[in-house]
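I have placed the structure first, in the form of C-alpha cells, so that the comments after it can refer back to it.
The values are calculated or read from the model by the stated rules, or taken from the named source; none is laboratory data. Everything numeric in this text was worked out from a predicted model, so none of it was measured. Here the Cβ positions follow ideal geometry from the backbone for every residue, glycine too, while neighbour counts run over all protein chains shown. These accessible areas exclude ligands, DNA and RNA; they are computed on the full protein's heavy atoms, side chains included. Shrake-Rupley method; radii C 1.70, N 1.55, O 1.52, S 1.80 Å.
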Amino acid sequence: MNGHGPARTTAGTATDETALRTTLLDTLRAMGAAGLNVGTAGNASVRLDGGDMLITPSGVPAERCRPEDMAVVAADGSPRGALAPSSEWQLHRDIYAAFPAAGAVLHAHAPFATALACQRQEIPPFHYMIARFGGSTVRCARYATFGTQALSDATTAALQDRNACLLANHGMVVFGRDLEHALALAIEFETLCEQYWRTLQIGTPVLLSAAEMDEVIERFRWYGKARKA
C-alpha cells in the first residue's frame, strides 16, 4: 500500500476487474493495519456488474494473498477462481441482494465490536454519531454459526435501515458505496464501539432522546453530500 489507503472504486461502473482485485486486496490489508482483523479473520467484497461479486479467499492471510487470489462469486453462489471464496460469501451475496446501495461489504472481528457482540448488546444512542450508521441504534444480529444461511438471514434483518451491525458472539459487518467508503465506516464503527465500551467502564451512559436522534438523523441526510446548484 502507498500509505493513502485503497484506491477509490465505484460499484456499478466499468472499472477494470484487475484493478478491483488490487483494490480489494489493499482493503483487506488496510483492515489488518487498522486493527480490525488479525490472521485470517474477516473478509471483504465488492459488487461487480451483472450481479457478481469479488470476494477475498478463504483461510489465506492478507500478506500471502495476491490480486489473482480474489474469488468471483455469481448471484447463484457459483464460484470462479483458483481459491475458494470466503466462508462468509453467502452473507456478502445476500447483503448485495437486499440492499442496492451496498457497493462493498466488510466483515471483521474487531476487538471492541466483538467484545460488545459477545455480550449481545445493541448499541444505544449514547453518542449522536450512532446516526452515521442509519438509525438511533446499531443492532446486534442474533447468533448463528459462521458461513450459514441462518447467519446471513440474521444479518440482513439487523441491517434493515442500517449500514452496520454487530453479529452476536462473532464481530461486525458494514457496507458502503465502495471499498474506500466501507473501510472508513468500519474504522469509524470500531472507534464508536471502543467509546461505548469505555463509557460502560464509568457507568451507565446518559442516552440521547428519540427527538434528539431524529434531528441528527435528518441532518445526516445531507451531511457529506454535494450541495445542489
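Set side by side, the residues 157, 117 differ, and just one is modelled with pLDDT of 95 or more, assigned to a helix (DSSP H, G or I), among the aliphatic types (A, V, I, L, M) and open to solvent by less than 20 Å² (accessible area, probe 1.4 Å), which is 117. Among all positions in segment 196-206, there is no residue which is under 20 Å from residue 43 (Cβ atoms) and assigned to a loop (DSSP other than H, G, I, E, B).
Taken over segment 27-43, the criterion of being surrounded by fewer than 21 Cβ atoms within 10 Å (Cβ to Cβ) and either out of contact with any His (no Cβ under 8 Å at 6 or more places or on another chain) or modelled with pLDDT of 95 or more (or both) is satisfied by 29, 32, 33, 34, 35, 39, 40. Based on what the data block shows, is residue 132 in a loop (DSSP other than H, G, I, E, B), of a type in the set (Lys, Arg) and touching a Phe, Trp or Tyr at 6+ places or on another chain (Cβ under 7 Å)? Taking the combined requirement at face value, the residue does not satisfy it. Scanning segment 65-98 for residues that are assigned to a loop (DSSP other than H, G, I, E, B) and either more than 18 Å from residue 150 (Cα to Cα) or open to solvent by 40 Å² or more (accessible area, probe 1.4 Å) (or both) returns 65, 66, 70, 74, 75, 76, 78, 81, 82, 83, 84, 87. Residue-level analysis places residue 47 among those that are open to solvent by 20 Å² or more (accessible area, probe 1.4 Å), modelled with pLDDT of 95 or more and touching a strand residue (DSSP E or B) at 6+ places or on another chain (Cβ under 6 Å).
Residue 208: open to solvent by less than 20 Å² (accessible area, probe 1.4 Å) and among the aliphatic types (A, V, I, L, M), yes or no? Spelling it out, it is not the case that residue 208 is open to solvent by less than 20 Å² (accessible area, probe 1.4 Å) and among the aliphatic types (A, V, I, L, M). Being within 19 Å of residue 41 (Cα to Cα), open to solvent by less than 60 Å² (accessible area, probe 1.4 Å) and touching a residue at least 40 places away in the same chain (Cβ under 8 Å) is a property that residue 151 has. Of all the residues in segment 178-205, those that are under 20 Å from residue 119 (Cβ atoms), among the aliphatic types (A, V, I, L, M) and either open to solvent by 40 Å² or more (accessible area, probe 1.4 Å) or at pLDDT below 95 (or both) number 2.
For residue 62, the conditions (1) open to solvent by less than 20 Å² (accessible area, probe 1.4 Å); (2) modelled with pLDDT of 95 or more all hold with the exception of (2).
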